[in-house]
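Read through the structure below, which is laid out as C-alpha cells, and then see the notes.
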Amino acid sequence: MFRIPIVCSMRPSECMKAFQDNSIHSLGLSPNGTLSYLDFDFSLPFVVYLGNESSGLDKETLSQVSQTVRIDMGLGVESLNVSNAASVVLFEARRQRHQLGRD
C-alpha cells in the first residue's frame, strides 16, 4: 500500500511553497493539461492537486503548479469523477516506480 505523509496545519499557499522549496513537483490534474499523465516521470517526488468534479482546480492553483497533466478520454467519455481520476494517476505512479524497483 502507499505510504503518504499528510500535512494538516498549512494553508494551500504555504503547502505549495514548501513543496517548491523541497524540489517536490506539483501536478495539477486538468482536462486542459499540457502533458498526458502517461508522459510524466513519476519517479520524481510529486504531489497531485485535484479539483472538484464540476469546475476543476481554481485558476490560482493552476497558475502555481509546476506541471498540468491530463487524462485523455476515449470517444464518448466526457469525464471521470475525482476519485477515479486520482486512482488512474496514482496507479500510473505506482506502475512506473514498480518498474524501477522503487515501490
Item to check | Longest site-free stretch - the chain; sites: trypsin sites (Lys or Arg not before Pro), DSSP loop, at most 16 other Cβ within 10 Å | outcome: 4-101
Checklist outcome for this item: Restricting to Cα pairs under 8 Å and 6 or more apart, the percent relative contact order of the chain works out to 30 percent
Item to check | For the chain, size of Cβ-based charge dipole, Lys and Arg +1, Asp and Glu -1, in debye | outcome: 300 debye
Checklist outcome for this item: Between Asp39 and Glu53, the two model label points (7 Å from Cα along the beta-carbon direction) sit apart by a distance in nm of 2.9 nm
Item to check | Assigned charges on the beta-carbon of Lys, Arg, Asp, Glu; region 52-100 dipole about Cα centre (debye) | outcome: 300 debye
Item to check | When the convex hull of its Cα atoms is projected in every direction, mean area for region 12-99 (nm²) | outcome: 5.9 nm²
Checklist entry - Just going by the charge dipole of region 12-99, with Lys and Arg at +1 and Asp and Glu at -1 on Cβ, which of Tyr49, Val65, Ala93 is farthest out on the positive end? => result Ala93
Next on the checklist: Of the candidates Pro31, Pro12, Pro45, which one comes out as most mobile in a Gaussian network treatment of the chain with C-alpha springs shorter than 10 Å?
Outcome noted: Pro12
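Throughout, read-outs are computed from the coordinates displayed, never taken from laboratory work. Remember, predicted model here, so these are calculated numbers, not experimental data. All Cβ positions, even for glycine, are placed from backbone atoms using ideal geometry, and neighbour counts span all protein chains on display.
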